[in-house]
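Worksheet for the structure shown next.
The values are calculated or read from the model by the stated rules, or taken from the named source; none is laboratory data. Small disclaimer: the values here were computed from a predicted structure and weren't measured. Virtual Cβ from ideal backbone geometry, glycine too; neighbours counted across all protein chains shown. Note: areas computed on protein heavy atoms with side chains; ligands, DNA, RNA excluded. Shrake-Rupley method; radii C 1.70, N 1.55, O 1.52, S 1.80 Å.
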Amino acid sequence: MDADLVALAEAHGVATWYEDWHRLRKDVAAESVVGVLGLLGVDASSPAAIASSLAAVRARDDRGRLPGTIVVRAGTTRTLPAAGTITLEDGSGISDLSEVPADLPLGWHRLAAGGQEVTLVVVPAELPAPPETWGWMLQLYALHSAESWGMGDLGDLRTFVGQAGRPGLVLLNPLHAITPTLPVPPSPYAPSSRRFANPLYLRVSDTAEYRRADPALRAKVDALKPAASELIDYSAVWQAKRAALEMLWPLAGEIDLTADPGLLDFARFCALAELYGANWQQWPPEFRRPDTPAVRAFRSDRIAFHAWLQRLVKEQLDATNEAARGMPVGIVLDLAVGTDPSGADGWLLQDVLAEGVHIGAPPDAFNQFGQDWGAAAWRPDRLVETGYAAYRDMLRRIFASAGGLRVDHVAGLWRLWWVPPGMGAAGGTYVHYDPEAMLGILALEASRAGAVVIGEDLGTVLPEVTEGLERMNMLGSAVLWFTRDYDDPEHRYLPPGKYPRNALASISTHDLPTAAGFLTGEQVRVRAELGQLAGSVQDERKAADQDRAQLKAALRAEGLITAASTDDEVVVAMHEFLARTPCRFVTASLYDVLGELNQPNLPGTVDEYPNWRMRLSRSLEQIAGDPRIARIAEILSTRARP
């Protein structure tokens, strides 16, 4: 690769090589680097353009200006280029400073120095150590009961919390907002907005408006309940709940649209989407930015309606958190790695998002062609320029309804895999972010909310990711399938005592085989049927058989199974294995405990596999009396201490 192109890429945090899942150096094609630089607004299309762009970088650096945001850890200092003044978050000030003082309070401050005024963020050196506890990993949409409408809802969640064996935490799939149009996309990891919540999870009969309704109106609402289906039909659920909520809307009373400008903007987007379609990039030009005169002049009763829906979701989330009161952690929400570029955040935050980018992941053991998640990503330079305000506000809204936050693909706080248009998932490269800022701000907002943080650090992850989480007292992820001795040529499973302390342990995740699927080789069968294998079926089956044999050997070494153990007994033994680890959090999934064969999501597929649409085989009422639930709860709640 041309040396100037390498220098230009490094100056903008774009990787020209990376370490792949085999831990080997993988050089990035020049075409990919040029494409990603273009997504950052940097012209590298020709040698002359590269030279010009590189000269602009060097001129910027020669001026020695402060970045738009400075992040410092509590107790540390930073030398200033000129005498400075700091205005603290509470409005008080400190003048004539030659450095950032070490005793500044945590928070969001302003720094003026050398003719510049920038954001100064003081973040915790670490979070308090999380408690040692156990809990459930739950795909909420997959629950179903006599009371829910076609998919699991927040009422089901409250019921589950009360019958789940007194766990310390319940970890959910993302509950991020959809665009309220049809069809409703099934994936919770491709939301319209991460700052607001999904009204599909509302239980209509738990609203105050339903309780105030007269019997005739209640009967009309109840009649809208959709019929049960084998797969979840999100569009049918939304149509039914929307119609029911519209019937109850006249009973809602006055909606204050002035108290929360961010909510007003989101509700305005929803109302415009109902008029002009789900993709704001195809709206009339005068509505394609949220700050245009046409948008500000737009009036509709639907704005208040969608603001009311968010109020209802917040009330029901609060009720769920109240039901979880007394748990060491409580309800843990999940933060998707990105959003649908055509959705609400894509419209409202377009100035800090990378236009045209798709993020994903390079090839790995379970996704051998790489992954293109189709999601938008923050532009690192724009975050710095704007004081990370959009990132901060997103975290604050989520922490307002959570005792903890799982950060999907937490390595994205360090770097994200960007895919240029037309290149395919394997043809992307990494773009780097400032982890001191991204991780520090996450810690600051978590500490203010009294919440724990769990990072999903699986796959191709730099060592500094796991080390950074450890340093901050944030938990990583220890998934049984992946927790192996990689210095061993056969990559055998680690014994429980060698698991990390600061981690959430689980058998699997939503993207990986269930326990039953792993034991029967279901993941190979399905991937072969759908053409998702990079190698031959025979080779994949051989590898799966070897994995299964190695796992059973690890369980036998702990005295947990014998050669005569059934698959059901092996699944119980997997949980007993995890219960022996020193991990602070140990979790079970209903998919594993109930013997579900199909994993919730098969990465690399869209319509070929019913991702996110499969209900659990047993209802919430049946789960309540299932002895397997009580057995696993007993194992995890009484686990031996390290």
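The table below gives the values:
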read-out	value
Among the candidates Gly152, Gly84, residue that is more than 23 Å from the chain's Cα centre (by Cα) and buried (at least 17 other Cβ atoms within 10 Å of the Cβ)	Gly84
Unique match (being assigned to a helix (DSSP H, G or I) and of a type outside the set (Asp, Glu)) among Leu383, Leu416, Leu405	Leu383
Subset tally (residues that are part of a loop (DSSP other than H, G, I, E, B) and either free of Cβ contacts under 8 Å to residues at least 24 places away in the same chain or open to solvent by 20 Å² or more (accessible area, probe 1.4 Å) (or both)) for the stretch 620-638	2
Condition met for Ala228 (touching a His at 6+ places or on another chain (Cβ under 8 Å), outside any helix (DSSP H, G or I) and touching a residue at least 24 places away in the same chain (Cβ under 8 Å))	yes
Positions within the stretch 102-136 being among the aliphatic types (A, V, I, L, M), open to solvent by 20 Å² or more (accessible area, probe 1.4 Å) and assigned to a loop (DSSP other than H, G, I, E, B), in sequence order	Ala102, Leu106, Ala125, Ala129
Filter pass, Ala543 being not in a loop (DSSP other than H, G, I, E, B) and not β-branched (Val, Ile, Thr)	yes
Residue identified as of a type in the set (S, T, N, Q), more than 19 Å from Val384 (Cα to Cα) and assigned to a loop (DSSP other than H, G, I, E, B) among Ser32, Ser45	Ser45
Residue tally, condition at pLDDT below 95 and either open to solvent by less than 20 Å² (accessible area, probe 1.4 Å) or part of a loop (DSSP other than H, G, I, E, B) (or both), over the stretch 13-27	6
Subset of the stretch 263-276 (residues that are out of contact with any strand residue (DSSP E or B) (no Cβ under 7 Å at 6 or more places or on another chain) and open to solvent by less than 30 Å² (accessible area, probe 1.4 Å))	Ala267, Arg268, Phe269, Cys270, Ala271, Leu272, Ala273
Pairs where the first residue, in the stretch 503-525, is farther than 21 Å from Val465 by Cα and among the polar types (S, T, N, Q) and the second is at pLDDT 95 or above and part of a helix (DSSP H, G or I), C-beta under 6 Å, 6+ apart	Thr514/Tyr591; Thr514/Asp592; Gln523/Gly517
Matching residues, the stretch 137-152, being closer than 14 Å to Pro188 by Cβ and either in a loop (DSSP other than H, G, I, E, B) or of a type in the set (A, V, I, L, M) (or both)	Met137, Leu138, Gln139, Leu140, Ala142, Leu143, Met151, Gly152
Condition check for Ala83: out of contact with any strand residue (DSSP E or B) (no Cβ under 9 Å at 6 or more places or on another chain) and either modelled with pLDDT of 90 or more or of a type outside the set (Val, Ile, Thr) (or both)	no
Some residue of the stretch 166-185 being under 17 Å from the mean Cα position of the chain (by Cα) and either modelled with pLDDT under 95 or open to solvent by 40 Å² or more (accessible area, probe 1.4 Å) (or both)	yes
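Residue-wise test of (1) free of Cβ contacts under 8 Å to residues at least 40 places away in the same chain; (2) farther than 30 Å from Phe585 by Cα; (3) open to solvent by 30 Å² or more (accessible area, probe 1.4 Å); (4) part of a strand (DSSP E or B).
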position: Pro328; (1), (2), (3), (4): no, no, yes, no
position: Asp334; (1), (2), (3), (4): no, no, no, yes
position: Ser342; (1), (2), (3), (4): no, yes, no, no
position: Trp347; (1), (2), (3), (4): no, yes, no, no
position: Asp351; (1), (2), (3), (4): yes, yes, yes, no
position: Gly356; (1), (2), (3), (4): no, yes, yes, no
position: Ile359; (1), (2), (3), (4): no, no, no, yes
position: Phe369; (1), (2), (3), (4): no, yes, yes, no
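Okay, residues lined up against (1) in contact (Cβ under 8 Å) with a residue 40 or more places away in the chain; (2) in contact with a Lys or Arg (Cβ under 7 Å, 6 or more places away or on another chain); (3) not basic (Lys, Arg):
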{"position": "Trp280", "(1), (2), (3)": "yes, yes, yes"}
{"position": "Arg288", "(1), (2), (3)": "yes, no, no"}
{"position": "Thr292", "(1), (2), (3)": "no, no, yes"}
{"position": "Ala297", "(1), (2), (3)": "no, no, yes"}
{"position": "Ala307", "(1), (2), (3)": "yes, no, yes"}
{"position": "Val313", "(1), (2), (3)": "yes, no, yes"}
{"position": "Asn321", "(1), (2), (3)": "yes, no, yes"}
{"position": "Ala324", "(1), (2), (3)": "yes, no, yes"}
